[in-house]
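Take a look at the structure below.
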Amino acid sequence: MSSLGNRSILDKELKEVKDNILRLSSMVDAAISNGMLALYQRNVPLAQQVITGDDEVNRLRYTVEEDCLAILATQAPAARDLRTVIAAIHIAVELERMGDHAAGIARLVARMAEESEIESLHKLPKMEKQAHKMLQTAIEAYINHDLELARQIIKRDDKLDKHYRRLFQESLEEMRDDAYIRRATYLLWVGHNLERIGDRVTNVAERVVFMATGEFIETVEDALPEKPDDIEGL
């Protein structure tokens, strides 16, 4: 087959990967929205839909990886094409992890459904809005190979971290009252999941920079205490 024919096949396969990354990001964005809406409304059935839907997110992530590995094996891409394939694998993983965080929020809904209102709940919409904006902008940077936009996203993560620090401090204040300890802890886990989504969006932006330039960059995360992924036992 001619080099022109090979180029056409590669372009077609790269487009399929890009389209699936777009689908995956849309699914994750919706999962975050629905997980948070279920929390605000104490809507357990909606939360369960988010948890169940995470399986589809996982399947699409593996589809992207398999397609990328097939491209590497059959097309032997080089230079920017090679970086694009490698970046797509990493971006798919980060998106799948964001889906896990959205499902983590949804799993807390059943635990919080019978709790009375929490004073600091109004802090969460700001964090959610920032997470959505970062994710959508990062995917735009990926689609357009927009180096400057990717670098803006990396800087923007500080804003989400600041929201989380405020939430963390206010929750600690609420915990002075024993009656609020359980609820405030749930709230912190929700905030932590949103903060981690922001960190993973930053990782996506870093991969866009790599894709465009071949340059590896790594941001330094705030040394806030980690929350356990397994919430059983509280």
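Computed from the coordinates by the stated procedures, all read-outs in this text should not be read as laboratory data. These figures come from a predicted structure and were not determined experimentally. Reconstructed Cβ throughout: ideal geometry from the backbone, glycine too, with neighbour counts over all protein chains shown.
Quick look at the numbers
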{"read-out": "In region 63-119, GluC sites (Glu not before Pro) in a DSSP loop with at most 10 other beta-carbon atoms within 10 Å", "value": "GLU114, GLU117"}
{"read-out": "Which of LEU10, LEU60, LEU167 has the fewest Cβ neighbours within 10 Å, and the rest in rising order", "value": "LEU10, LEU60, LEU167"}
{"read-out": "Fewest-first sequence of THR213, THR52 by Cβ atoms within 10 Å of each Cβ", "value": "THR52, THR213"}
{"read-out": "In region 3-213, lysine pairs closer than 19 Å at Cα, eight or more apart or cross-chain", "value": "12"}
{"read-out": "Kirkwood hydrodynamic radius of region 3-213, from inverse mean 1/r over distinct Cα pairs, in Å", "value": "18.0"}
{"read-out": "Gyration tensor verdict on region 59-100 (Cα atoms; rounded if a/c is under 1.5, prolate if a/b is larger than b/c, oblate otherwise)", "value": "oblate"}
{"read-out": "FRET efficiency, 1/(1 + (r/R0)^6) with R0 35 Å, evaluated for GLU140 and VAL44 via beta carbons", "value": "0.55"}
{"read-out": "Relative contact order (percent, whole number), region 3-213, Cα cutoff 8 Å, 6+ residue spacing", "value": "27"}
